[in-house]
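The values are calculated or read from the model by the stated rules, or taken from the named source; none is laboratory data. Keep in mind that this is a model prediction, so the values were computed, not measured. Virtual Cβ from ideal backbone geometry, glycine too; neighbours counted across all protein chains shown.
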Amino acid sequence: MLYLSGKEEYFAKAEDIAKEMEIPKSFLRKILKQLEKAELLHLKRGVSGGIKLLRNPAEITLYDVIVAMEKTLALNRCVINEKICGLMPKCPVHPVWFKIRERLIQALKDIKFQELATKGAAL
């Protein structure tokens, strides 16, 4: 996503991405399939094929990509499913995990790939 965000027309060949980003092609293919399934990019096969972002990098967040790859974002299992933790009703830390998760999600939503491609994330 970062590589494509820095390219004109947000288009590239898989070979170029793998080489520049130092990602094995087999691993890159798996990543690309997940990102395509999340409708973040389009894969066109064949001689004139390549990979193209489906949205402007100014609209794509780090959160979008993490969720596309991981399906969810949680620092602790009990944030995803309260039934996992038998201490939930009386645990003083449980509400803290929720607050931290919400702050993390917002921070990741504030980081756009356009910014990452041009100057990096300002923290």
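Numerical summary
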{"read-out": "Among (1) under 18 Å from residue 114 (Cβ atoms); (2) more than 13 Å from the chain's Cα centre (by Cα); (3) of a type in the set (Gly, Ala, Ser) - the single one residue 68 does not satisfy", "value": "(2)"}
{"read-out": "Residue 55 being in contact (Cβ under 8 Å) with a residue 12 or more places away in the chain, out of contact with any strand residue (DSSP E or B) (no Cβ under 8 Å at 6 or more places or on another chain), closer than 28 Å to residue 103 by Cβ and exposed (fewer than 14 other Cβ atoms within 10 Å of the Cβ)", "value": "yes"}
{"read-out": "Of the criteria (1) free of Cβ contacts under 8 Å to residues at least 40 places away in the same chain; (2) within 23 Å of residue 34 (Cβ to Cβ), which one residue 94 fails", "value": "(2)"}
{"read-out": "Residue within region 91-107 that is of a type in the set (A, V, I, L, M, F, W, C) and in contact with a strand residue (DSSP E or B) (Cβ under 9 Å, 6 or more places away or on another chain) present", "value": "no"}
{"read-out": "Answer residue from region 49-90, given it is modelled with pLDDT under 80 and basic (Lys, Arg) and is nearest to residue 105 (Cα to Cα) among those", "value": "77"}
{"read-out": "Residue that is surrounded by the fewest Cβ atoms within 10 Å (Cβ to Cβ) [pool: residues in region 1-48 that are within 14 Å of the chain's Cα centre (by Cα) and among the polar types (S, T, N, Q)]", "value": "34"}
{"read-out": "Count of residues meeting criterion [over 29 Å from residue 6 (Cα atoms), assigned to a helix (DSSP H, G or I) and among the small types (Gly, Ala, Ser)] in region 62-121", "value": "0"}
{"read-out": "Any hit, region 17-38, residues being part of a strand (DSSP E or B) and not small (Gly, Ala, Ser)", "value": "no"}
{"read-out": "Criterion: of a type in the set (A, V, I, L, M) and out of contact with any Phe, Trp or Tyr (no Cβ under 8 Å at 6 or more places or on another chain) - qualifying residue of 51, 17, 23", "value": "23"}
